[in-house]
Every structure is written in structure tokens, then in C-alpha cells.
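Structure first, then comments.
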Amino acid sequence: MKLSFNLQVLLGAIIGIVLGLGLNASGTTTQPASFIFYICDLVGGIFINLLKMILIPVVFTSIVIGI
């Protein structure tokens, strides 16, 4: 069964909210919560750095094509 993209996004958002509320309720002092926070921080940092790396070529290409 193939789910539509809209339903996949909705399910992902609901799962994220439930996991976020669960981690918030458990507190940051427990071992699994601190590990999950570390992994999320690491993945988020990598994602932001990748966005920064692609920003300059995209802006440069947009200016060149616009000219």
C-alpha cells in the first residue's frame, strides 16, 4: 500500500510531536534522552552546515542566470 505524500508528511509530523512530548516528559537527565538529544543536535548541525555550503553556489547561479 502506497501512501500519498501528504499523508506521509502528516504522519511524520504526528510521530515527531509524540516523540518530542515523550522526551520532554522524561527530562534531560535520563541516559536515553541525553543520547537522543546528542544525536538530534549532531544531525541538525550537519544539516545546517550542508545548507550553508549550498547557499553561495545557488545565489551565484541565480545572479548569473538573471544577468
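Can you list the HN-Hα couplings for region 33-43, worked out from phi with the Karplus curve (6.51, -1.76, 1.60; θ = phi - 60°), rounded to whole Hz and with x for Gly and Pro?
Values per residue, Gly and Pro as x: 5, 5, 5, 5, 4, 5, 5, 5, 5, 5, 5 Hz.
What ranking of T29, T61 comes out by heavy-atom accessible area, probe 1.4 Å, highest first? Let's see the in-between values first.
Numbers: T29 130, T61 70 Å².
From most accessible down to least: T29, T61.
Give me the percent of the accessible area of the chain that comes from carbon and sulfur atoms, probe 1.4 Å, all protein chains in place. Write down the numbers at each step before the final one.
Values: 4670 of 5990 Å².
Carbon and sulfur: 78 percent of the exposed surface of the chain.
Starting from the residue with the highest accessible area, list I65, I39 in decreasing order, probe 1.4 Å.
On the way: I65 135, I39 65 Å².
These residues rank, largest area first, as I65, I39.
On a 0 to 90 degree scale, rounded to 10, what angle separates helix 5-26 from the longest Cα axis of the chain?
Between helix and principal axis, roughly 50 degrees.
At 1.4 Å probe size, with no ligands or nucleic acids counted, give the accessible surface of L50 in Å², nearest ten.
Counting only protein heavy atoms, the figure is 100 Å².
Please work out how much accessible surface F5 shows to a 1.4 Å probe, ignoring ligands, DNA and RNA, in Å² rounded to 10.
The accessible area comes out at roughly 150 Å².
From Cα coordinates alone, what are the radius of gyration and Dmax values for the chain in angstrom?
My reading of the Cα-based Rg and Dmax gives 18.3, 56 Å.
The values are calculated or read from the model by the stated rules, or taken from the named source; none is laboratory data. All of these numbers come straight from a predicted model, not from anything done at the bench. Quick note on the areas: whole protein, heavy atoms, side chains included, nothing else; ligands and nucleic acids left out. Shrake-Rupley method; radii C 1.70, N 1.55, O 1.52, S 1.80 Å.
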